[in-house]
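The values are calculated or read from the model by the stated rules, or taken from the named source; none is laboratory data. A quick note: this is a predicted structure, and the numbers were derived from the prediction, not measured. Here the Cβ positions follow ideal geometry from the backbone for every residue, glycine too, while neighbour counts run over all protein chains shown.
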Amino acid sequence: MDSPGVAAPPPSPVGKYGPLVHLSRFDLAPEELTWQLPVNGELYRLMPGSDRPDYSLMVLRRPLHFYPPEGFDQGRVEPEQQVPDRKGRPMVRVHALLVCARFVGQQLHSRMVDLPVNVAFVIDNSLARDERVDFAKIEYAGVGFLSEGHAERRPPTVPPPATAEAGQAAASEGASAPPAPPASPPPPVPENPQGAEPATDEPAPAPGTDVAREAATILRRGIEERRGSPVSRLSAKFSLGDGHRVTGLTGNADGEPPEPTVETFARLNEVFARFGDHPATADVRGVRIRIGQDTEDVELARG
């Protein structure tokens, strides 16, 4: 019972199937995602993974579009999710994200504001029907900041992304269980098959830059997971051996050695292996990264 004279907090906003949430901004994520903010959606349900029990499936009010990284297998996504941007370059359209709290000891909760979360694209919609997270059905996106409720969309600087009427649902700590989802999400109703891209003519990044930036994100995450706290400044140098596997790591992370979790090195080796897929990066034998409050620089060292 509430204390006399003390108003009860307002109930959390709930959509058709569960709590409304939005991503207000991204950190260390593909640039094209910032063009599509805020990202509104509903939490579908909690899903256990092999590494933690508290992933949440976030079904989007409008789909997101992203440029597939170098080496990405387009066969992992359905043909209707493969769309060109305004210059004819391939993009992937997704209708859901997988999110989890970024730091140990935190979790999604009612009235959260800018909670740091790890974000992955759901590239296979059948994940919504799985009992556990199948990591082959997602693609890591970056770090976002999740808040309760929906946010108004900003004045568009790009063509509006497509509309999705995909199965909307949710699960969040303290929320009532949603009704059972349909057997499969209904198909999206596209508004803009050209994807979401601003009218710019920026030069394409140098080959291998995307791999180095993804590795920088993975390293930062791994250090933060081990420490249980954010890393604001990071400089590091990777030495790469046969198969572009990590053979050495030196540097500085907020005044301490850049020591990530053991599992981080397996993820780094998977990413660096993509250097061998392109003739222009096959001779890369080292990577330098520098991350500050508002900067992120990467440099490749050739063998």
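So the values come out like this:
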quantity: Some residue of the stretch 76-83 being touching a residue at least 60 places away in the same chain (Cβ under 8 Å), in a helix (DSSP H, G or I), more than 13 Å from the chain's Cα centre (by Cα) and within 30 Å of A282 (Cβ to Cβ); calculated: yes
quantity: A164 at pLDDT 90 or above and at negative phi; calculated: no
quantity: Single residue of the stretch 231-261 satisfying the filter (under 21 Å from the mean Cα position of the chain (by Cα) and outside any strand (DSSP E or B)) that is nearest to G286 (Cα to Cα); calculated: P260
quantity: Flag if A183 is at pLDDT below 90 and either surrounded by fewer than 17 Cβ atoms within 10 Å (Cβ to Cβ) or more than 30 Å from P90 (Cβ to Cβ) (or both); calculated: yes
quantity: Failed item in (1) of a type in the set (A, V, I, L, M); (2) under 24 Å from E78 (Cβ atoms); (3) modelled with pLDDT of 90 or more, with A169 passing the rest; calculated: (3)
quantity: Hits in the stretch 15-47 (condition: surrounded by fewer than 19 Cβ atoms within 10 Å (Cβ to Cβ) and at pLDDT 95 or above); calculated: none
quantity: Test for P10: is it closer than 19 Å to H150 by Cα, free of Cβ contacts under 8 Å to residues at least 40 places away in the same chain and part of a loop (DSSP other than H, G, I, E, B); calculated: yes
quantity: Close pairs from the stretch 270-285: first under 17 Å from K237 (Cα atoms), partner assigned to a helix (DSSP H, G or I) and among the charged types (D, E, K, R), Cβ under 7 Å, at least 6 apart; calculated: V271/E214
quantity: Qualifying residues in the stretch 265-289 (those that are among the hydrophobic types (A, V, I, L, M, F, W, C), under 10 Å from V211 (Cα atoms) and under 20 Å from the mean Cα position of the chain (by Cα)) - the one modelled with the lowest pLDDT; calculated: V271
quantity: Residue list for the stretch 35-74, restricted to those being of a type in the set (A, V, I, L, M, F, W, C), in a loop (DSSP other than H, G, I, E, B) and touching a Ser or Thr at 6+ places or on another chain (Cβ under 9 Å); calculated: W35, L37
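Residue-wise test of (1) surrounded by 20 or more Cβ atoms within 10 Å (Cβ to Cβ); (2) modelled with pLDDT of 85 or more.
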| position | (1), (2) |
| --- | --- |
| P207 | no, no |
| E214 | yes, yes |
| E225 | no, yes |
| S239 | no, yes |
| H244 | yes, yes |
